[in-house]
Amino acid sequence: MRLTVMMPVYNGERYLAAAIEGILGQTWREFEFLICDDGSVDATPAILRQYAQKDARIRILTFAKNRGQTEAANHLLQHSRGAYICRQDADDYSQPERLARQVAYLDARPETGMVFTGKRMLAPNGLPFATICMPDDHALIAGFMARGINPIVNGSFMIRRAVLLAAGTPTYRFRAAEDWDLWQRLVGTTRFGTIPEPLYDMRYYGGTVSFKIRTLERSMLTAMGNSQDPNTAHSVTAMADRLDQAIVGTPQKPPPPATGYESYLNGQALFKHGRFREALLAFTAALTDAEYRRKAFLFAGLSLLGPWGQWLHHRVAEQRHTYHACRCLGFRF
């Protein structure tokens, strides 16, 4: 078996079908597709059964209770048979030529242990609002990682089985930032390669683990800073429990989407595509969320300016990105 594609999923009914279709529609056809249902309580099991009946390359592994994506990923690795191991997240999408390009890359470069691709960032409405592609330069990737910056698109990697085995067991050790830990262990032992094209679409929405963790961490830090509140200890403990649940999952159905965050992202994508009236409506909806109110108000004003607002935003963003890129590369001002 040349290639294993692995996908852990927990309550992924919203985007799961699109993620599976993206893999089944690849131009590279020879692979096994392992999917671990991590104790889902939504329509995920039914969706998986439907696709497994249609395509013999799909094998479903199931946890009766939710254990978290780290245990699910380790479980998938234990059952994989491919010489190359590929990751696909259950809420993202792979362009049709992704697997073929990555297999060809590793075949042609035996000194490279892992290759990932560039990405398009998708809003909840499906529109792309940004593209990020790293140059194919191992030293640059390692330099970013040495500064605490993870440039690797985790859902897009393909890696040699021998390289993963050399990392030791378990492959993934932590319930959060498990990918960062793995890459830190491997970056000094093998070459990391990049296909600097957006062959992977990553969705940004209120249901991602990273969004839940970021939101709860912000609340926790706020509570910890309020030393005058006699309920601070209780609040921090409660939020720590919620943070743990965000990582591992909860037995009940997931909460409704974070409407302010998602409205803001939809507005960003619509604004970038020149659909200013729709963007204005999305940013207006985001004003109800205190966290995004200031940014939504700013972009609502830019949307009213139409193409002029888009030009102004582009000029400001260009200068900001240049500044941050220089800082990431070690320059100080």
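Some values worked out for this structure:
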| quantity | calculated |
| --- | --- |
| Of all DSSP beta bridges in segment 1-142, antiparallel share, percent nearest 5 | 20 percent |
| Extension gain (nm, one decimal) between Asp42 and His314, 0.36 nm per residue minus Cα-Cα | 93.8 nm |
| Qualifying trypsin sites (Lys or Arg not before Pro) in segment 98-162, DSSP loop, other Cβ atoms within 10 Å at most 13 | Arg147 |
| For segment 312-317, Karplus couplings with θ = phi - 60° (6.51, -1.76, 1.60), whole Hz, Gly/Pro x | 4, 4, 4, 5, 5, 5 |
| Footprinting exposure proxy for Asp107, Asp42 (fewest neighbouring C-beta atoms within 10 Å first) | Asp107, Asp42 |
| Sites Asp107 and Gln50 - FRET efficiency at Förster radius 22 Å, r taken between beta-carbons, to 0.05 | 0.05 |
| Order of Phe283, Phe297 under a 10 Å beta carbon neighbour criterion, fewest first | Phe297, Phe283 |
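Bear in mind these aren't lab numbers, they're just calculated from the coordinates by the rules spelled out. If you're wondering where the values come from, they're calculated on a predicted model, not measured in any experiment. Don't worry about glycine lacking a Cβ; one is built from the backbone with ideal geometry, like all the others, and counts go over all protein chains shown.
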